[in-house]
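The values are calculated or read from the model by the stated rules, or taken from the named source; none is laboratory data. Because the structure is predicted, anything quoted here is derived from the model rather than measured. Cβ sites come from the backbone with ideal geometry, for glycine too, and all protein chains shown count toward neighbours. The accessibility values were calculated without ligands, DNA or RNA, using every heavy atom of the protein model including side chains. Shrake-Rupley method; radii C 1.70, N 1.55, O 1.52, S 1.80 Å.
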Amino acid sequence: MDRKQIAEKFEDVWDEIRSRSYYIVGVLLLVFFPFLLVTPGSILSEPFSILNSFYSGGSIPILSDLFNLGQEIGLFGKNAYLLNIIALCLIWAIFAASWDFLSGYTGQVSFGHAIFWGFSAYVTFWVATGVPIGITFDPLDPIVLGIPILDEILGSLIFLINAFIDFIFIITNEILVFIFGSNFMRPPLAALVVGAFTSAIFAVGIGFIALRVKGPYLALVTLLLPLIASQIVVIMTDLFGPKYGIPFISGPFVVERISPFDLPPDLMGRASEINELNFFIFVLVIFFISVFLMMLVAYSRIGLAFQSIREDEDAAESLGINVRFYKILAFAGSAFFAGLAGGLFSQYLRFTGPSFFASSFSFSIIIMCVIGGIGSISGGVVGAFVLTILLELFLKDIFHGVQSLDLLGYGILLIVTLRYMPFGLARASKDQKKACIVGVLFAISWTIIPIGEGWGTNIIASLSSSLPLGTDVLSNILSVSFETLTSYMGKVDYMGQITSSLSDGDILMTLSFVLIFTFGLIASVVFFFAEIIGLFFMGDILGLSRSWTYEDLIKAKFLIYVAVGIPFAFYLPKAFKKVRLRFWGVWPSAGRYEPD
Amino acid sequence: MTIDTISESTQTSKHVILKVSSLSKHFKGLKAVNNVNLSVKSGELIGIIGPNGAGKTTFFNLISGFLKPEKGSKIMFNGDNIVGKRPHKLAKLGIARTFQLVRPFKFLNALENTTVPHIPKNTYVSSSVLKNKATWSLIEVDLAEKKNYPAFILPHGDLKRLDFARSLAVQPQLLLLDEPFSGLSHEEAFRVERLIRESNNKGMTIIIVEHKLKILMRLVQRVFVLHEGRLIGEGSPQEISNNQEVISAYLGSEAKEYV
Ligand SMILES: Nc1ncnc2c1ncn2[C@@H]1O[C@H](COP(=O)(O)OP(=O)(O)O)[C@@H](O)[C@H]1O
Ligand SMILES: [Mg+2]
């Protein structure tokens, strides 16, 4: 490639940037102005900045009160467990949506999005915990070449490189201290934004690679990039020691920075839970902002240009769309949000390591987007929530300590989704959406309601004593339904209406029982599958019942009910319609027109 | 509005809008376009004919920037050499094209399809204005009532007109149409023909590659004939149908019927 071509390429990008200069300056001001305000030494910093509450503690009192209340009624579960899970869902949602932003909209399928997430995780963590500075040159670890002279040469070479890197770090630190203030340890939000921006700039470089390769080749290149990155991190450590290799960095991060210093006295003992709440709010705010921004872009004319590139690159270019610019823009934007998610995830885990580049991260978000629906930012969010809750709340508890559950569970769900709703949950047909909702409600009602009534506990008792399961359950159903019946009868008695004829209440009651039994009869198929086959199979044949707790059992039950309930809710109306047409003609449809 | 201004500038002065000299393109030894020289005046309606594989589509690809010609080739557009410029740049300069096979943005609806070409020139225009412009582009080709249909459900005739509307929306000075009548019924072809005439009357320079000679010959003012990459004939439709070389290479014995 000669000089002229390179110049022209940059000219292309520069043209587009220049014609948007007002927007760019505006956005930059919007992003950076708050940080300027809170730079140490700035006059405005203390009283005016809202962000300050994130920085130096001082949690908003109403929020902690709310948290207190929520905790008391058990809203967040033990140790704010649920809060943590939702925070994780939000992080995954940002990540999945960022993939959709690139691959769903522009069609540049990336199989290695984890590179942006890992890259930003490192940068974020680094920025937040400070650049490691120290001029003490550690004596190098013995280098295993075996030949003394070579070892010495290599040793002094690495010594020189080390010194050079140290020098660069010192200079960088001085510059950063000059810009930001006394210490380069930045609060989480600032670290996050710096990490995301660095990731975006990094992605511009990858975007230039992406211009050269297309389709499956691009997929292959992006698949390999994170693997290379993680290897580089490992090799760096081997060569330069833990100081610059940073394979794992962990340390005080979220807690110290976001935590309120002056807790109300009654909450003093629960500082860590309050931190969970703070972190949750932090993630929530970033989630809303980033999804809002992504939707803003995706639904704007820029998003339309992205989509035109996805549909037909040549046609788009012939119509004046600057394909190179938009591709790079998509890469940068996507990497920015992936970087936000990566930074948040490293804050969530409180460490960063080479495992951040694992391809299971990349695959997870692709599956999330496919399940939620590609090409609509909301699809990624939906998919992330469904899969994360499935994994964290259910699978992990049901199958204690079983490895790589995530990809297995995701994979099965992916196949089912692709078979029955190829465009994802967000674009499923109305019947399918209804069936999903009804199926989940159905599962909730069957699993949650009987908990206190003796059903669940009896089943557990039968499982734990490994008695023949079926008979026990059936007798339970019978006894409970009789109990319910008699209790209702008793209520009628209690009202003192002892009459020979039937009262209105009796008729209503009888009708409702008829209804309940009719539907119960149909639902017993589901019941049979879920309760007897499902639990018997899982509990006794798989031999997992030993390690199950009460809650795990409920969760397993719930999953089975969902799995059986959704098809049930989908096919029941259809079957009912068939039966109806056969025996009653069109009568019960009350004049609605129903083709097919 | 802009079309009017174009017509003003072009009708007053019939300058040479496109001048191609010693244009060649080789595919690994195959000379798809071989030393072609021609020039087109502003406001002309030109036809290019030739057997399959003659290099007509390649010629379009070269002019619209999708392919890079061999060294020594020159393509002058409004007096500037445009060799090596990327297609989107050329679209901004005023060259639009359609493709031989329809290439709509399948999963976008008709309105979004015509919005895309309006995007590059309207960075600071509000989205409602942008939408209006796109709707006007659809109205021009009688597709306004189907504006919410995704392109993949539209029939072939509509897609041809949609392609045409998209390239008109670029507001080009030079429009390259690659087989605009292929696969169209008599009625649909007539509609497209009318659209081409209208655009040309507004002053747009149009070059058409077409195999349906009956329509082409009554539409265009001048014809170029390509054969195995070379330009073998040039002139009015009458002249071409009497040209012995063209008859033997392409037209055959029924040459007279087309005029
Ligand atoms: N991208 C390409 N790579 C190799 N050969 C090509 C390419 N494009 C066209 N050709 C060849 O160039 C010749 C001219 O093709 P084309 O311009 O499409 O002809 P037509 O006049 O039918 O439109 C054909 O022999 C074709 O096979
Ligand atoms: Mg062709």
Residues of region B:135-157 satisfying the condition of being out of contact with any Lys or Arg (no Cβ under 8 Å at 6 or more places or on another chain) and of a type in the set (A, V, I, L, M, F, W, C): B:Trp136, B:Ile139, B:Ala144, B:Ile153
Right, B:Leu226: in contact with a helix residue (DSSP H, G or I) (Cβ under 7 Å, 6 or more places away or on another chain), within 16 Å of ligand 1 (Cβ to nearest atom) and within 14 Å of another protein chain (Cβ to nearest Cβ) or not? no
Which ones in region B:79-97 are under 15 Å from the mean Cα position of the chain (by Cα) and either within 8 Å of chain A (Cβ to nearest Cβ) or without any contact (Cβ under 8 Å) to a residue 12 or more places away in the chain (or both)? B:Pro87, B:Ala91, B:Ala96, B:Arg97
Among helices (runs of 4 or more DSSP H) entirely inside region A:310-419, those with 2 or more residues being touching a helix residue (DSSP H, G or I) at 6+ places or on another chain (Cβ under 7 Å) and free of Cβ contacts under 8 Å to residues at least 60 places away in the same chain are A:313-318, A:359-372, A:377-389
Only one of A:Ser466, A:Ser475 that is surrounded by fewer than 17 Cβ atoms within 10 Å (Cβ to Cβ), outside any helix (DSSP H, G or I) and modelled with pLDDT under 50: A:Ser466
Starting from region B:52-66, keep only residues that are away from chain A (no Cβ under 13 Å) and β-branched (Val, Ile, Thr), then list their pairs with residues that are more than 8 Å from ligand 2 (Cβ to nearest atom) and not in a helix (DSSP H, G or I) whose Cβ atoms are within a distance under 7 Å, requiring at least 6 positions of separation or different chains. B:Thr58/B:Lys25; B:Thr58/B:Ala32; B:Thr58/B:Val33; B:Thr58/B:Leu67
Report, by residue number, each residue of region B:28-50 that is surrounded by 15 or more Cβ atoms within 10 Å (Cβ to Cβ) and within 8 Å of ligand 1 (Cβ to nearest atom). B:Ala32, B:Val33, B:Gly50
Looking at (1) β-branched (Val, Ile, Thr); (2) under 21 Å from B:Lys121 (Cβ atoms); (3) more than 14 Å from chain B (Cβ to nearest Cβ), can you tell me which one A:Ile309 breaks? (3)
Give the residues of region B:11-27 that are at pLDDT 90 or above and either open to solvent by 40 Å² or more (accessible area, probe 1.4 Å) or among the hydrophobic types (A, V, I, L, M, F, W, C) (or both), sorted by residue number. B:Val16, B:Ile17, B:Leu18, B:Lys19, B:Val20, B:Ser22, B:Leu23, B:His26, B:Phe27
Which one is farthest from ligand 2 (Cβ to nearest atom) among residues in region B:29-52 that are under 18 Å from the mean Cα position of the chain (by Cα) and on the phi > 0 side of the Ramachandran plot? B:Gly43
Kindly indicate whether any position in region B:79-101 is touching a helix residue (DSSP H, G or I) at 6+ places or on another chain (Cβ under 8 Å), at negative phi, open to solvent by 30 Å² or more (accessible area, probe 1.4 Å) and within 16 Å of ligand 1 (Cβ to nearest atom). yes
For region A:79-95, what are the residues that are of a type in the set (Gly, Ala, Ser) and over 13 Å from A:Phe345 (Cα atoms)? A:Ala80
Search result, residues across region B:99-109 that are at the interface with chain A (Cβ under 8 Å from one of its Cβ atoms) and not aromatic (Phe, Trp, Tyr): B:Arg103, B:Pro104, B:Lys106, B:Leu108
Only residues that are within 16 Å of ligand 2 (Cβ to nearest atom) and crowded, with 21+ Cβ neighbours inside 10 Å: list them for region B:59-78, please. B:Phe59, B:Phe60, B:Asn61, B:Leu62, B:Ile63, B:Ser64
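This table checks each residue for (1) away from ligand 1 (no atom under 16 Å from the Cβ); (2) charged (D, E, K, R); (3) not in a helix (DSSP H, G or I).
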residue: B:Leu162; (1), (2), (3): yes, no, no
residue: B:Arg166; (1), (2), (3): yes, yes, no
residue: B:Leu175; (1), (2), (3): yes, no, yes
residue: B:Glu187; (1), (2), (3): yes, yes, no
Residue check: is B:Pro180 of a type outside the set (A, V, I, L, M, F, W, C) and farther than 24 Å from B:Lys92 by Cβ? no
Residue in region B:110-136 that is surrounded by the most Cβ atoms within 10 Å (Cβ to Cβ), counting only those that are more than 11 Å from every other protein chain (Cβ to nearest Cβ) and touching a residue at least 24 places away in the same chain (Cβ under 8 Å): B:Ala110
Name the single residue that is farthest from ligand 1 (Cβ to nearest atom) among those in region B:144-157 being touching a residue at least 24 places away in the same chain (Cβ under 8 Å) and either more than 25 Å from B:Pro120 (Cβ to Cβ) or open to solvent by less than 10 Å² (accessible area, probe 1.4 Å) (or both). B:Ala151
Region A:544-587 - residue that is in a helix (DSSP H, G or I) and among the β-branched types (Val, Ile, Thr) and, of those, modelled with the lowest pLDDT: A:Ile554
Would a scan of region B:193-203 turn up a residue that is open to solvent by less than 10 Å² (accessible area, probe 1.4 Å) and either more than 23 Å from B:Pro104 (Cα to Cα) or out of contact with any helix residue (DSSP H, G or I) (no Cβ under 8 Å at 6 or more places or on another chain) (or both)? yes
Return yes or no: is A:Leu340 open to solvent by less than 30 Å² (accessible area, probe 1.4 Å) and either more than 14 Å from every other protein chain (Cβ to nearest Cβ) or among the charged types (D, E, K, R) (or both)? yes
